1. Condition first: assigned to a loop (DSSP other than H, G, I, E, B) and either charged (D, E, K, R) or not assigned by TED's automatic domain parsing to the domain that holds residue 187 (or both). Now tell me which residues in the range 286-313 satisfy that.
2. Those residues that are within 16 Å of the ligand (Cβ to nearest atom) and either at positive phi or assigned to a strand (DSSP E or B) (or both), I need them from the range 258-275; list them, please.
3. Name every residue in the range 321-347 that is closer than 21 Å to residue 187 by Cβ and within 15 Å of the ligand (Cβ to nearest atom), in order of residue number.
4. Can you find, within the range 273-288, the residue that is nearest to residue 133 (Cα to Cα) among those that are within 16 Å of the chain's Cα centre (by Cα) and in contact (Cβ under 8 Å) with a residue 40 or more places away in the chain?
5. Please state which of the following conditions residue 320 fails to meet, knowing it meets all the rest: (1) outside any loop (DSSP other than H, G, I, E, B); (2) open to solvent by 40 Å² or more (accessible area, probe 1.4 Å).
6. If residue 297 meets every condition in (1) within 16 Å of the ligand (Cβ to nearest atom); (2) open to solvent by 50 Å² or more (accessible area, probe 1.4 Å) apart from one, which number is that one?
7. If residue 281 satisfies all but one of (1) part of a loop (DSSP other than H, G, I, E, B); (2) away from the ligand (no atom under 14 Å from the Cβ), what's the number of the condition it fails?
8. Conditions first: (1) over 20 Å from residue 291 (Cα atoms); (2) open to solvent by less than 10 Å² (accessible area, probe 1.4 Å). Residue 72 passes all but one, so which condition is the exception?
Amino acid sequence: MLRREFLKYGAGLAGVAAVQTVSGSLLAQTSSPAPPIFLRIQDVDVELIDGSSVFMWAFSQGAGKPSVPGPVIRVKQGQSVTLSVENLSPSAHSVQILGIPGASFGPIEPGQIGGVTFTASLAGTYFYVDPDRAPLNRLLGLHGALVVEPAASPSGGPVTPYGETQTTPGVRALFSALGNHSRFPGRPWLLGRDKIWVLNQIDPRINKLAEADDLAGALELVGSFLPRYFTLNGLSGVDAAHDEPTVPRGRVGQPLLLRALNAGLATHSLHIHGNHVFTTAEIVSNSHEVRVLNNIIEEDTWSMPPLMRRDLLLPFTKPPEIPDAAWPPRQEKFPLLYPMHCHNEISQTSAGGSYPLGLVTDWVLEGPL
Ligand SMILES: [Cu+2]
């Protein structure tokens, strides 16, 4: 019998795992290297919302608890970052940061440590993944978010999630309007006020073959991928809706940046209630580079194909369906909870149970500023 770490399902434990953040920027000057980042890869059994469990691979921060997705890594733009990964799994693995040229290494044989030093020259939201047997190793748990924050506040302009040379006139206009225009009463956006939403799907047949070490068979089955579980930061349904690291929360007038990433193979169609969002960046599909948009569109549903990463500003304004005369709300009082869910029916009704036990969470307007 294999002895593997068992990742018990549930908001409490998963929340602890998901909140792990490796910060390369804490106390460090931008010009100086970031403190080295050390991750581990290991085999785990992950419990799902219905109590069943599947074999997966997981990253952990050093000796910390492994989690799917892996810990969030935060670094500053222009900083030299050294990433090392120890492979505690009995199979070989590699690591790549999609969209950062040269930031890849491997294969790391079992028991070995691999690593790379790279510079994140553009701010934005990135994926680190195991690119081997693509997309198998990524799909089975080896993925996580890397956030590159701008190095310095721009001279004169508003604070945005991007470096000064990346920031487009459209993004500058949007962030200048926050707290300064009747459309966005309240405060400007604050650096670090963001939430990371990593999407994934699980087809347990594939996990089963990987567990039996039939990796060729598992990869072949990817061709007839039939997802049965849909996860947001590793959680489904009500659990994602009660997971503090997942749920955007704030007062009216405190805008927040959503960083959405899809590690899986199914295209999601995310729909948010209560406020519209503004997509500020997405990736160039071939190079995976961050592209900051100039033509900023207000929308309530956005597509998340496999490997897509999108930044979206959630303005935290008064929901437009509440008339001015009924504001502040009296019948239904603060906090106001609004859902975000996937509009693809299968992701709401699959093995996780009946609606809404698939890809769904809440966001919370706690009260007036
Ligand atoms: Cu909807």
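1. 289, 300
2. Within the range 258-275, 258, 260, 268, 269, 270, 271, 272, 274 meet the criteria.
3. Of everything in the range 321-347, just one residue is closer than 21 Å to residue 187 by Cβ and within 15 Å of the ligand (Cβ to nearest atom), namely 338.
4. Among those residues, the one meeting the criterion is 288.
5. Condition not satisfied by residue 320: (1).
6. (1)
7. (1)
8. Status for residue 72: all satisfied but (2).
The values are calculated or read from the model by the stated rules, or taken from the named source; none is laboratory data. None of these values were measured; they are calculated from a predicted model. We place every Cβ from the backbone using ideal geometry, glycine too, and count neighbours over all the protein chains shown. SASA here: full protein model, heavy atoms, side chains in, ligands and nucleic acids out. Shrake-Rupley method; radii C 1.70, N 1.55, O 1.52, S 1.80 Å.
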